[in-house]
Amino acid sequence: VVYEQEGVFIHSSCGKNDDQVSLIAGILRVIEKENEVIVDWRPLDETLDTSNILCAGKDSSSVVEWTQTPKEKCSRGADRPSSYEAEWDMVTTVSFKKKPHSNGDATTHANRESKWSFLFSLTDLKSIKQNKEGMGWSYLVFCLKDDVKLPALHFHQGDSKPFIKCLEKHVVLNESPHDERVLLVKTQKSLSQSFENLFDEPSYGLLQKWKRDPYTVTMGKFSKVTNYIVGSLRSSDPSNQRRPPSEMADFLNDTIPGLKINQQEEPGFEVITRIDLGKQPEVSRREPVSAEEWAKNMDSEGRILDVDYIKRLIFKGGLCHTLRKEAWKFLLGYFPWNSTKEERANLQKRKTDEYFRMKLQWKSVSEEQEKRNSRLRDYRSLIEKDVNRTDRTNKFYEGEDNPGLILLHDILMTYCMYDFDLGYVQGMSDLLSPVLYVMENEVDAFWCFVSYMDQMHQNFEEQMQGMKTQLIQLSHLLRLLDSGFCSYLESQDSGYLYFCFRWLLIRFKREFSFQDILRLWEVMWTELPCQNFHLLLCCAILESEKQQIMDKHYGFNEILKHINELSMKIDVEYILCKAEAISMQMMNCKELPQTVSEILGIENSSVTPDSDTGEDESGAELSCPTSLYQSIPAPVIAANGTRDGAQQTAETQSLTPA
């Protein structure tokens, strides 16, 4: 119970005359229970008859009334006390519905009061109307998402503001532009809840958790979600007809408030869809950068001689594993590219002291102190749960009392001290795990993780702004690449690309094998050949699956199932080649839309109507894809994996735009 207040009344016209008002005293509570946040009001009368609580069974997606036969009441009373916990264990409220009395004269006083009892999940709350009575107390009216209005709650003892403040810890409340008395529920805040096993429960519970916390649900075995969507969207009438898929699309769009992906409604958008990008060029990859190549590009003091050249090599082939421990520190920004070996040693010494000062902060918190620090307590609980689930099949983390798990836990706890506002959000352990695996050092792994989180921070913020932006940008890129495929997805209510959520959230961590993700991330960290290259990787995966999706006429469920069953089946080298080819296609386009140019950070003369040359106003040459292929030596690896030591870069250079 995170909030409790007595003296909260319902004013009921229960007297003999309609103008008579009965005051029903009750207790208002806000309860956190099994990742649910519940608002509960019930009368003070201890003789409450639980058969009058209105709720839905956990195995139902429709509003029903829970009624007990006398026999059931007796048997239940023998094993379980009629307490709040016992009642909640048996029910999950969907919405409130007034239960008519039977034989008004025979209804007892207790039953007259308890028929008003209600509880609901915050996920079902649409708005709160607040007002002041003439006598000075305030009252609130809750409106649920099915437009059911609950009885007004009158705060005779104390104000309603503490209650509103409590709700704001879990939801965002904004004043309605039409009525300043109405607070609208905009989005959910509970993003840092730990990953739970969501697939052993009825569809209703899963769907509610998805609606409340897409982060947590998306991180699960998402391919199984499909099995529950069908059941969740069935109507409650006897015919049991499935609702239109469009209802599910709207539901998913509501999950990420503010997500507005163009569905051929934006003026002028059709012009973009008619742009001919031409044929995708053939792209080859090279072997990983060797220790010898790395050493040759470093001077006697340990400075990198040609940063751009090294980045191009890494983009085209990745790194051999022995180099990763050093090179990742540069790629992630922990080490400055122009630093000497001595400067880096001094930096590490300072950062080591800084790390252990922060680690000591949480290590020195006593049990008594932690009892009074709910945020730290919650962070620790989430981290302990997630660490025990992260990459446990990898030898570095497998087994009990594994030192790798202890380091994973300690680094994440220390990050909470570094960024206490963000703290820990489910999914962050997935980003740290490969970094720690490569660094094999607590301090270096922490500071590399800090740098990585600087890039990924918006993905984990409460408003999900980073995720919204990326999904919208991905939609723009995919429409330019293949407007027909986009139109097909929209026709199947899949145009919001919600199935890419996990890809973007943790940068494909659960889509590729552990070793492949090391290769993929180091390539992305070069920031070549353009910004937001990870969105082109999404496009490459989707385009490679387009034929099967369209030829087999996959619908909403089939698309979701198919995309998520690609996990661990994607060829990383093939997708890197394809994504690079798409980037070249777009950079070579003479009529690249301004929006796409901005997403990819491409300086292209074609988007400037007054310019018809390859130079900007200052005379500087504009960037073009050929810079990737200058001075990259053989051997190379073709997309099919074959080696040809004689193959040079002429093939790729011949693809230079005119």
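The values are calculated or read from the model by the stated rules, or taken from the named source; none is laboratory data. Keep in mind the model is a prediction, meaning the values are calculated, not measured. Cβ placement follows ideal geometry from the backbone for every residue including glycine, while neighbour counts extend to all protein chains displayed. Calculation scope for accessible area: heavy atoms of the full protein, side chains included, ligands and nucleic acids excluded. Shrake-Rupley method; radii C 1.70, N 1.55, O 1.52, S 1.80 Å.
Only one of these conditions is not met by residue 459: (1) modelled with pLDDT under 95; (2) open to solvent by 10 Å² or more (accessible area, probe 1.4 Å). Which number is it?
Going through (1) modelled with pLDDT under 95; (2) open to solvent by 10 Å² or more (accessible area, probe 1.4 Å) one by one, residue 459 breaks only (2).
Restricting to the range 563-597, and then to whatever is modelled with pLDDT under 95 and acidic (Asp, Glu), can you tell me which residue is nearest to residue 499 (Cα to Cα)?
565
Just the residues that are of a type in the set (Val, Ile, Thr) and buried (at least 21 other Cβ atoms within 10 Å of the Cβ), please, taken from the range 391-418.
411, 414
Among the residues of the range 1-53, write down those that are of a type in the set (Ser, Thr, Tyr) and at pLDDT 85 or above.
Matches in the range 1-53: 3 only.
The rows are residues; the columns are (1) assigned to a loop (DSSP other than H, G, I, E, B); (2) buried (at least 22 other Cβ atoms within 10 Å of the Cβ).
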| position | (1), (2) |
| --- | --- |
| 420 | yes, no |
| 437 | no, no |
| 445 | no, yes |
| 451 | no, no |
| 463 | yes, no |
| 466 | no, no |
| 480 | no, yes |
| 510 | yes, no |
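Condition first: part of a loop (DSSP other than H, G, I, E, B) and among the aromatic types (Phe, Trp, Tyr). Now tell me which residues in the range 550-607 satisfy that.
Matches in the range 550-607: 554 only.
Considering only residues that are in a helix (DSSP H, G or I) and of a type in the set (Val, Ile, Thr), look in the range 384-418 and name the one that is nearest to residue 511 (Cα to Cα).
The extreme case among them is 387.
Open to solvent by less than 40 Å² (accessible area, probe 1.4 Å) and free of Cβ contacts under 8 Å to residues at least 24 places away in the same chain, is that true of residue 522?
no
Picking from 557, 564, which residue would you name as being over 23 Å from residue 473 (Cα atoms), crowded, with 17+ Cβ neighbours inside 10 Å and touching a residue at least 60 places away in the same chain (Cβ under 8 Å)?
It is 557.
Just one of the numbered conditions (1) among the polar types (S, T, N, Q); (2) outside any helix (DSSP H, G or I); (3) open to solvent by less than 10 Å² (accessible area, probe 1.4 Å) is not true of residue 429; which one?
(2)
Assigned by the TED database to the domain that holds residue 37 and either touching a helix residue (DSSP H, G or I) at 6+ places or on another chain (Cβ under 9 Å) or in a strand (DSSP E or B) (or both), is that true of residue 154? Walk me through how you get there before you give the answer.
On the way: assigned by the TED database to the domain that holds residue 37: yes; either touching a helix residue (DSSP H, G or I) at 6+ places or on another chain (Cβ under 9 Å) or in a strand (DSSP E or B) (or both): yes.
Spelling it out, residue 154 is indeed assigned by the TED database to the domain that holds residue 37 and either touching a helix residue (DSSP H, G or I) at 6+ places or on another chain (Cβ under 9 Å) or in a strand (DSSP E or B) (or both).
Of all residues in the range 457-500, which are free of Cβ contacts under 8 Å to residues at least 12 places away in the same chain, more than 23 Å from residue 589 (Cβ to Cβ) and more than 20 Å from the chain's Cα centre (by Cα)?
Hit for the range 457-500 is 491, nothing else.
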